[in-house]
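K.L.:
Sharing a structure below in structure tokens format, with a few things to ask.
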Amino acid sequence: MKAKKSKVKSKNLCKSKIAENKNSKIVFIAAAAMTLDGKIARYSGHASNWTSKEDKKHLHKIEDSCDVMVVGRKSYELAQKPLSQRNVVVFTRSVEATRQESARLLFLNPQNVDFVKFAVGKNYSRVCVLGGPEIYSYFLDHNLLDELYITIEPLVFGEGLGLFNKPVETKNFKLKSVEKLNKGGTLLLHYVKI
């Protein structure tokens, strides 16, 4: 059985952070996998080894399309090896401003450094936000998420970490596409900010 792909069309789907962020032409894309009950992990430090190979393939495609990945310290520690071949900015409070660890790895304190100005200075055009909940919340709270790619895996944890970890002003997104990734029922949802 082949995976089916369906699309929901809209006239204004291209209106994203490019239109609202007048200081840059950066598109911010969040990618996350979650369970049917909306959990991205059972606990802090839980590796994403529970996601399907199809989700991982899609994630690599998104990462390949972006200039830089942004993760929190804990997420970086969990995914250090696969991220080592990519440009990565790790959000952390353990540095005063920034610390360049290698040509591809930078630690940045978002409380003291304006990330948008930093990204503009680096000429980034596409930023991939990979989590965890505090990082997703930071970008949502700062109105910087233009697109969301959410993979829904047919699992239930019952408890765990949600995508966001704090209340924010309501943000509206519109469904752009739904794709069934495998026979097991893994779904890929693509949303854009409206």
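K.L.:
Only one of Val68, Val113, Val95 is at pLDDT 95 or above, farther than 25 Å from Phe157 by Cα, among the hydrophobic types (A, V, I, L, M, F, W, C) and open to solvent by 20 Å² or more (accessible area, probe 1.4 Å); which?
P.N.:
Values: Val68 fails: open to solvent by 20 Å² or more (accessible area, probe 1.4 Å); Val95 fails: open to solvent by 20 Å² or more (accessible area, probe 1.4 Å).
The conditions single out Val113.
K.L.:
Out of curiosity, is Lys166 in contact (Cβ under 8 Å) with a residue 60 or more places away in the chain and either open to solvent by 30 Å² or more (accessible area, probe 1.4 Å) or in a strand (DSSP E or B) (or both)? If you could, list the steps in order and put the result at the bottom.
P.N.:
On the way: in contact (Cβ under 8 Å) with a residue 60 or more places away in the chain: no; either open to solvent by 30 Å² or more (accessible area, probe 1.4 Å) or in a strand (DSSP E or B) (or both): yes.
Considered against the rule, which asks whether it is in contact (Cβ under 8 Å) with a residue 60 or more places away in the chain and either open to solvent by 30 Å² or more (accessible area, probe 1.4 Å) or in a strand (DSSP E or B) (or both), Lys166 comes out as no.
K.L.:
State all residues of region 128-162 that are open to solvent by less than 20 Å² (accessible area, probe 1.4 Å) and assigned to a loop (DSSP other than H, G, I, E, B); if no residue qualifies, say none.
P.N.:
Residues satisfying the conditions are Gly132, Leu144, Leu145, Asp146.
K.L.:
Quick check: anything in region 18-30 open to solvent by less than 100 Å² (accessible area, probe 1.4 Å), among the polar types (S, T, N, Q), within 15 Å of Ser125 (Cα to Cα) and at pLDDT below 95?
P.N.:
Residues of region 18-30 open to solvent by less than 100 Å² (accessible area, probe 1.4 Å): 18-21, 24, 26-30.
This time we only want the ones that are among the polar types (S, T, N, Q), so: 21, 24.
Next cut, within 15 Å of Ser125 (Cα to Cα) only: 21, 24.
Going one step further and asking which of them are at pLDDT below 95, we end up with 21, 24.
Yes - at least one qualifying residue is present in region 18-30.
K.L.:
So Tyr43 ticks every box in (1) under 19 Å from Ile135 (Cα atoms); (2) open to solvent by 30 Å² or more (accessible area, probe 1.4 Å); (3) part of a helix (DSSP H, G or I) but one. Which box is left unticked?
P.N.:
(3)
K.L.:
Filter region 179-194 down to the residues that are over 17 Å from the mean Cα position of the chain (by Cα) and in a strand (DSSP E or B) and list them by number. Break it down into steps so the answer makes sense when it comes.
P.N.:
The initial filter retains those residues of region 179-194 that are over 17 Å from the mean Cα position of the chain (by Cα), namely 179-186, 194.
Those that are over 17 Å from the mean Cα position of the chain (by Cα) and in a strand (DSSP E or B): Glu179, Lys180.
K.L.:
State all residues of region 162-194 that are among the polar types (S, T, N, Q) and either modelled with pLDDT of 95 or more or touching a helix residue (DSSP H, G or I) at 6+ places or on another chain (Cβ under 9 Å) (or both); if no residue qualifies, say none.
P.N.:
Initial filter on region 162-194 (among the polar types (S, T, N, Q)): 165, 170, 172, 177, 182, 186.
Residues satisfying the conditions are Asn165, Asn172, Ser177, Asn182, Thr186.
The values are calculated or read from the model by the stated rules, or taken from the named source; none is laboratory data. A quick note: this is a predicted structure, and the numbers were derived from the prediction, not measured. Here the Cβ is made from the backbone with ideal geometry for all residues, glycine too, and neighbour counts use every protein chain on show. The accessibility values were calculated without ligands, DNA or RNA, using every heavy atom of the protein model including side chains. Shrake-Rupley method; radii C 1.70, N 1.55, O 1.52, S 1.80 Å.
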